[in-house]
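Read-outs: derived from the displayed coordinates by stated rules, not from any lab. All values derive from a computational prediction rather than experimental measurement. Positions of Cβ are backbone-derived with ideal geometry, glycine not excepted, and every protein chain shown enters the neighbour counts.
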Amino acid sequence: MSREPVQKHARAGLQGDSRSLPDAVRCPRCSTGIDLGAQTLRCRKCGQFYPRLGTIPIILPEPLAYLASCKGQMDRLAEQVERTVLDVREQLQAADLLPLTRERCQTTIEGIAGQLADVRTILEPLLPEAIRPEGSLQSEQLPATLDYLPYLYRDWGWPAEAQGENEHALSTVEEVLGDGHPGRTLVMGAGACRLAYDLHHRHPDAEFMVLDLDPVLFSAAHAVTHGQSLSIREANLEMGDLGQSAREWLLVAPQGPVDDARFHFLVADAVDPPLDPGLFDTVLTPWFIDQGPEDVRDLISTLHLILKPGGRWVNLGPLKYDLDVPISRRFTREELFDLAERAGFRVGPWKSEAVPYLVSKLNGRGKMEWVLAFCATKLDAPQEESESRGGPPAWLVFRHLPIPTFDGQGLFWSEASTIRMVVSSIDGRRTLDDIALLVAERAGQPDISMSQVRTAVRQCLQQVHPGCRPEG
């Protein structure tokens, strides 16, 4: 289990800091600064080596495991395509097929095989030939390769339209941003990066950093935003017309390349970004908060830590959580706003609407999606009225607030060693995160996530801390 990358000990409160954003990148294992300009990326303190995906730095606790997972993803994709092709070819042996049916099936084979070749062309040249992973990265931490390819078609292949999906996303974000300048901007879960790209060209004097884990989307976005053009096929197994089976899209950046000095790519965990705190003027979470974090409350704490006082959190996307997220954590708009205000944000403006989502230009299939956009400003201190709303104390909900000591703490004893450790760690300064790190280091179980450790610490606090009692 790695240490939490959002650093609180180094250069907190960087409002006057003139460094470029890459200078704020830290080693996710030991928190030491990483020189992204070096030919070889290696932490000077702990010695951890950080490879690149092409030229994009991979700043993860287990970077070689990430590369191995990328290669495994490509292998699984090839196996999936091979099985589908064999199945269709077997069906073509039937004697009762119409000529048009044979034509459709053959076109389907060509389309999905071509799509696999296109994906390989994008990703495989960026992967080392020999990968010997140290540690492990769970496969569910990486998106399934084909599931997200439509983002590439939409972001870089579809023609511009006055009310197109890309254009509408940009106008919505600018609407909730208002007249404010984005400044130093972090885009969490940037994906194919079109929204970040459009904001960059709308505000060329702002500085952007984009984070994501998807190797195909991110490497394709990096190539396109640096002046390359890519071809990738859209292949459909479901179609209404024969002409809807496949199409080759040319991916290009409509306004030319980005400014490398002001637009930075980083393969990193956006939930726990390896960055100095208090540095960003704006953090954008596009279609992310309901998919990226295990617990949105932990993400809100991360946002509060990495934003400057007065910095803004801008969100765009549905609140459509994965089915494995507990129902108690599938927060609605009202709950999300309540959480943000208890954590130290002021929410507004906001809007919600139903918009077209990934409606294919090839076969017309897609859907309408309810989308929430809002801007929340980080305050110098949490709003006083948040404590009068009832409910648990804010320091129990969020991982960035100090946990207060309590009367009789020095005399406390429990048969449970974890509870004893949690109570002895409370000193009025340590946060839920700080104590969770201590518990995680003592446990030494790398397969347990920090979200799970925080849940355990919360349970301990609920049992023993007087401030967690309803009458307290």
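By the Cβ distance rule (another cysteine Cβ under 4.7 Å), the unpaired cysteines of the chain are Cys70, Cys105, Cys193, Cys375, Cys460, Cys468.
Give the distance, in whole Å, between the Cα centre of the range 422-451 and the Cα centre of the range 100-128. That distance is 47 Å.
Note on Gln91/Asp23: beta-carbon distance plugged into 1/(1 + (r/R0)^6) with R0 of 56 Å gives a FRET efficiency of 0.45.
For the range 334-467, relative contact order (Cα pairs under 8 Å, six or more residues apart, normalised by length) works out to 19 percent. Each other residue within a Cβ distance under 14 Å of Glu334 adds +1 if Lys or Arg and -1 if Asp or Glu, for a net charge of +1.
Once the Cα-Cα distance is subtracted from the 0.36 nm per residue extended length, the Thr32 to Lys367 segment shows a gain of 116.1 nm. Rounded to the nearest 0.05, the FRET efficiency derived from the C-beta distance between Arg330 and Ser360 at R0 = 35 Å is 0.80. 3J(HN,Hα) along the range 166-180, derived from phi through the Karplus expression 6.51 cos²θ - 1.76 cosθ + 1.60 where θ = phi - 60°, amounts to 5, 5, 5, 4, 4, 5, 5, 4, 5, 5, 6, 5, x, 7, x Hz, with x in place of Gly and Pro.
Neighbour counts of C-beta atoms inside 10 Å place Asp205, Asp179 in the sequence Asp179, Asp205, starting with the fewest.
DSSP assigns beta bridges within the chain; of those with both partners inside it, close to 60 percent run antiparallel. On full extension, the segment bounded by Lys45 and Glu441 gains 140.7 nm, given 0.36 nm per residue less the C-alpha separation. The lysine pair count for the range 318-381, using Cα distances under 24 Å and pairs eight or more places apart or on different chains, is 4. Apply 1/(1 + (r/R0)^6) to the Cβ-Cβ distance of Ala117 and His168, taking R0 = 22 Å, and write down the FRET efficiency to the nearest 0.05. The computed FRET efficiency comes out at 0.10. With neighbour counts taken as other beta-carbon atoms within 10 Å, the residues Cys27, Cys193, Cys43 rank, fewest first, as Cys43, Cys27, Cys193.
Please give the Cα centre distance for the range 251-324 versus the range 153-208, rounded to the nearest Å. Distance between centres, Cα-based: 13 Å. Taking every C-alpha pair closer than 8 Å and separated by at least 6 residues, the mean separation divided by the residue count of the chain gives a relative contact order of 15 percent. Taking Lys and Arg as +1 and Asp and Glu as -1, the other residues whose beta-carbon sits under 11 Å from that of Val25 total -1. The mean sequence distance of close C-alpha pairs (under 8 Å, at least 6 residues apart), as a share of the length of the range 268-332, puts its relative contact order at 41 percent.
For the chain, adding -39500 (n - 2.57) for each run of n ≥ 4 DSSP H residues and dividing by the number of residues yields -10000 deg cm²/dmol at 222 nm.
For the range 64-126, the Cα gyration tensor yields ellipsoid semi-axes of 31, 12, 5 Å (square root of five times each eigenvalue, largest first, whole Å).
Taking Lys and Arg as +1 and Asp and Glu as -1, the other residues whose beta-carbon sits under 14 Å from that of Asn363 total +4.
Taking other Cβ atoms within 10 Å as a rough exposure proxy, Ser171, Ser20 sort from fewest to most as Ser171, Ser20.
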